[in-house]
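> There's a structure below that I have some questions on.
Every read-out reported here was derived from the displayed coordinates using simple, explicitly stated rules and does not represent laboratory data. All values derive from a computational prediction rather than experimental measurement. As a convention, Cβ positions derive from the backbone with ideal geometry for all residues, glycine included, and neighbour counts pool all protein chains shown.
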Amino acid sequence: MRYNEKMDVFIEFNQAAFTHNVTEEDIRFAFDTARYDGSIDEEESENKYLVIGFDRNVNMLEIMYNVIDENTINVFHAMKCRNKYKHLIKTRGGNDG
């Protein structure tokens, strides 16, 4: 299950998600504006997912999360999107297609 497959999911926030000074509001906004939502690992075996979306100032963010259960995800990482992930928007698509 990815976030975009279940929009009424509850989002938990690990304190580590705020290490790079991204706010809870901007993380939620990034989920709402997601251009990519998929597994970090091609095999999807580690339950680590990546969202690439935008904050309220239209800065591209990378958000990483785990699925806790069918109604809950845990965000553990948020920061300005690094170049190593930007290609995913073009090569693997997003949730807007």
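> For the stretch 3-83, take every pair of Cα atoms, bin their distances at 5 Å starting from 0, and report each bin as a whole percent.
Bins of 5 Å from zero give 3, 17, 29, 29, 17, 5, 1 percent of pairs.
> Give me the distance in nm between label points sitting 7 Å out from Cα along the Cα-to-Cβ direction at N83 and R56, one decimal.
About 3.1 nm, to one decimal.
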